[in-house]
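Working notes for the structure below.
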Amino acid sequence: MSRIGKSPIPMPSGVTYSADGGVFKVKGPKGELSVPFNTELTIKQDGDSLLVERPSDAQRHRALHGLTRSLVFNAVKGVSDGFVINLELRGVGYRAKLAGKALELTIGYSHPVVIQPPEGVSFTVPEPTKIDVSGIDKQLVGQVAANVRKVRKPDAYHGKGVRFLGEKIALKAGKAGATGGKGKK
């Protein structure tokens, strides 16, 4: 049995769901999401939690079991708590600010880079070098954060750029002459 698939999904108070026709719909205080799932699997309520069950131990059903449980769990967590991904800017003069709902980045280009958030995602800038991407859809929040990071990936030699909070960048050494070593004559 799938270790992930067999674990129950806790249902917080104030969250309602329906699982009909291969679509799991969940509504909570933060919003509403729908997740498609294979109709061979069943989602049923057991007390104050949800269980995803599979019809057999066939390899295909085992694979879908864990996947469906993870997608349903992320939807339930998203409508009750939401998801936040923190980014940070490293580099001299690198900063971010909000222009309405849009994120405006000054990150070493000749012009500021403006990123419009898609529906269901919002940006906050607690400090000029910190960006928070938040929303209820885990996949969409992660994709938007990756797109913001892609505007200026961290440099391999100096570490300048947009990175996830706490991300470690392995820096390359650079040229020997730049480190003060004596060259051959």
Inset, instruction - Using the Cα centre as the reference, give the magnitude of the dipole from point charges on the C-beta atoms of the range 21-96 (Lys, Arg: +1; Asp, Glu: -1; all else neutral), rounded to the nearest 20 debye. - result: 260
Inset, instruction - Answer with a single label: of [x] 76, 44, 23; [y] 62, 36, 28; [z] 63, 40, 28, which was calculated as Cα extents along the principal axes in Å from the structure in view? - result: [x]
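Could you line up K168, K6 from fewest to most neighbouring Cβ atoms inside 10 Å?
Details: K168 9, K6 14.
Fewest-to-most Cβ neighbours within 10 Å comes out as K168, K6.
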Legend entry - Over the range 3-80, volume per residue of the alpha carbon convex hull, in Å³: 73
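Quickly estimate the mean residue ellipticity at 222 nm for the chain, helices only: each DSSP H run with n ≥ 4 gives -39500 (n - 2.57), and the total goes over all residues, rounded to 500.
Values: 3 runs with 40 residues, N = 185.
My calculation for the chain gives -7000 deg cm²/dmol from helical runs alone.
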Inset, instruction - Could you go through the range 90-103 in sequence order and give the Karplus-derived ³J(HN,Hα) for each residue, using 6.51 cos²θ - 1.76 cosθ + 1.60 with θ = phi - 60°, rounded to whole Hz, and x for Gly and Pro? - result: 10, x, 5, x, 7, 7, 10, 8, 8, 10, x, 8, 7, 9
Inset, instruction - Quick one: which residues, 5+ away or cross-chain, put their amide H under 5 Å from the amide H of L50? H built at 1.01 Å from N. - result: I9, M11
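Summing +1 for each Lys or Arg and -1 for each Asp or Glu, what net charge is found among the other residues whose Cβ lies under 13 Å from the Cβ of L171?
Cβ neighbours under 13 Å give a net charge of +3.
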Inset, instruction - Report the full-extension gain for the segment A102 to R62: residue separation times 0.36 nm, less the Cα-Cα distance, to one decimal in nm. - result: 10.2 nm
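Laboratory data are not the source of any read-out in this text; all were calculated from the coordinates shown. What you see is a predicted model; the values in this text were computed from it and never measured. Note that each Cβ is placed from the backbone with ideal geometry, even for glycine, and that neighbours are counted across all protein chains shown.
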